[in-house]
Amino acid sequence: MIKRDSDCPLCGATMTPSELLDACANLLVPTLDVLSARCPYCQGYLEVRPLGETLEIGYLISHAEPHFERVLALPCPDLHYARLAEPPRLQLSLGERCWVFAE
């Protein structure tokens, strides 16, 4: 059985993939596909990265070379995404829903 929900690492609230994408605001680092988000329950700051058919919840670490540290992975087998250029944007779709995020 695939777990379709993930708990907020800050408050423990359960979120569906659509709720998590609705909580995303903008594209933080286009080269890493990292999105900023606020938990819809506690309003805590989260960072989200789509990777394959997964939404990763974690944090951007920006020392000498920025990278993303995953805390949780939310399986999302119907997730599709595309990088769009000029200006940099990330387009995500899940079922019939679509989101576009820019810097």
HN-Hα J couplings of region 66-76 from phi, Karplus 6.51/-1.76/1.60, θ = phi - 60°, integer Hz, Gly and Pro as x? x, 8, 9, 9, 7, 9, 9, 10, 10, x, 8
I need the phi-derived Karplus couplings for region 42-57: 6.51 cos²θ - 1.76 cosθ + 1.60, θ = phi - 60°, integer Hz, Gly and Pro marked x. 9, 6, x, 7, 10, 10, 10, 9, x, 8, x, 10, 9, 9, 9, 10
According to a simple spin-label model (label point 7 Å from Cα along Cα-to-Cβ), what is the distance in nm between E69 and R97? 2.9 nm
Quick one: what are the phi-derived ³J(HN,Hα) couplings along region 9-14, Karplus 6.51/-1.76/1.60 with θ = phi - 60°, whole Hz, x for glycine and proline? x, 9, 10, x, 5, 8
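Arrange S93, S62 by Cβ neighbour counts within 10 Å, fewest through most, would you? Present the calculation step by step, with values, prior to reporting the outcome.
Working: S93 15, S62 12.
By the 10 Å Cβ count, ascending, the order reads S62, S93.
Read-outs: derived from the displayed coordinates by stated rules, not from any lab. For clarity, every value in this text was computed on a predicted model and none was experimentally measured. Heads up, the Cβs are rebuilt from the backbone with ideal geometry, glycines too, and the neighbour counts pull from every protein chain shown.
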